[in-house]
Amino acid sequence: MLDLFAGSGALSLEAISRGAESAVLVDCDKAAIACIKSNIDKLGFSKQTEVLQTDWCMALQRLQQKQFDLVFLDPPYAMLDLKECTAKLLPLLSEDALVVIEHQANTMPYVADGYDLVDNRKWGIAGVTMFRPAGKAEEA
């Protein structure tokens, strides 16, 4: 799995605790990376994780040889236009991948062509929208 804008790494680390084989956690913030590494050490997940301190665009360039089944995107709420990010992400997705985007509940992120909406949910001020590569949404 891939966790762009990973913050504390909680989403990825929870996924590993529930059976995900491995995770790549990406954040450009130095303090976030320190928090992620600390959490990984505390949980003993160093063999299942790769941590990249870089922006999302550079991370996707570096990960060109990988394929992901699950992707979490939790960008700053002000970042609604995810067309470029999701376009560059598409070649890294497995055929049945799921992309989960957290955003402000009263907004909807803009994604690139090539995705089908799977579900959209809201909890208070947070919203979560799930997408699959085009043609796979009906199987969710």
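The values are calculated or read from the model by the stated rules, or taken from the named source; none is laboratory data. Values in this document were obtained by computation on a predicted structure and should not be read as measured data. Here Cβ is always computed from backbone atoms with ideal geometry, including for glycine, and neighbour counts include all displayed protein chains. Accessible surface areas use protein heavy atoms only, side chains included; no ligands, DNA or RNA. Shrake-Rupley method; radii C 1.70, N 1.55, O 1.52, S 1.80 Å.
Structure notes:
- Within the range 8-24, being of a type in the set (Gly, Ala, Ser) and either within 12 Å of Ile40 (Cα to Cα) or open to solvent by 50 Å² or more (accessible area, probe 1.4 Å) (or both) holds for Ser8, Gly9, Ala10, Ser12, Ser17, Gly19, Ser22, Ala23.
- Within the range 67-107, being under 15 Å from the mean Cα position of the chain (by Cα), part of a loop (DSSP other than H, G, I, E, B) and free of Cβ contacts under 8 Å to residues at least 60 places away in the same chain holds for Gln67, Tyr77, Met79, Leu80, Leu82.
- Selection of the range 40-64 for residues being modelled with pLDDT of 95 or more and either of a type in the set (Phe, Trp, Tyr) or in contact with a Ser or Thr (Cβ under 6 Å, 6 or more places away or on another chain) (or both) yields Ile40, Phe45, Gln48.
- Exactly one residue among Lys88, Lys37, Lys66, Lys83 is among the basic types (Lys, Arg) and over 28 Å from Gly114 (Cβ atoms), and that residue is Lys37.
- Positions within the range 1-29 being of a type in the set (S, T, N, Q) and assigned to a loop (DSSP other than H, G, I, E, B), in sequence order: Ser8, Ser22
- Single residue of the range 65-80 satisfying the filter (at pLDDT 90 or above and exposed (fewer than 15 other Cβ atoms within 10 Å of the Cβ)) that is nearest to Ser12 (Cα to Cα): Asp69
- Single residue of the range 30-64 satisfying the filter (in a loop (DSSP other than H, G, I, E, B) and open to solvent by 50 Å² or more (accessible area, probe 1.4 Å)) that is farthest from Glu102 (Cα to Cα): Gly44
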